[in-house]
Amino acid sequence: MPFAQIYMLEGRTEEQKRAVIEKVTQALHEAVGAPKENVRVWIHDVPKENWGIAGQTAKDLGR
């Protein structure tokens with residue numbers, strides 16, 4: 001059972017997350033032949049103050 005974990009900065013819409021889940025599922029199905037029913041996708045919404053880029057938080061950088 002393929003299990004994909006996706007880390008993204010918070011702020012994506014529910015529609016965008018659905019699209020990510022759909023496309024990642026399809027990609028794993030095509031790449032390894034796993035039935036779609038067996039694919040799991042977990043999206044981690046990371047708060048911007050918990051994501052560091054070049055020594056600063058994403059929040060401080062206005063991301």
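The values are calculated or read from the model by the stated rules, or taken from the named source; none is laboratory data. Here the structure is a predicted model, which is why all the values come from computation and not from measurement. Cβ: placed from backbone, ideal geometry, glycine included. Neighbour counts: every protein chain shown. These area figures cover heavy atoms from the full protein model, side chains too; ligands, DNA and RNA do not enter into them. Shrake-Rupley method; radii C 1.70, N 1.55, O 1.52, S 1.80 Å.
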Subset of region 30-59, residues of a type in the set (Asp, Glu) and within 13 Å of Gly11 (Cα to Cα), comes to Asp45, Glu49
Within region 11-44, take every residue that is in a strand (DSSP E or B) and either open to solvent by 70 Å² or more (accessible area, probe 1.4 Å) or of a type in the set (Gly, Ala, Ser) (or both) and give me the one that is nearest to Met1 (Cα to Cα). Arg40
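How many residues are open to solvent by less than 80 Å² (accessible area, probe 1.4 Å), without any contact (Cβ under 8 Å) to a residue 40 or more places away in the chain and out of contact with any Ser or Thr (no Cβ under 7 Å at 6 or more places or on another chain) when one looks only at region 45-58?
6
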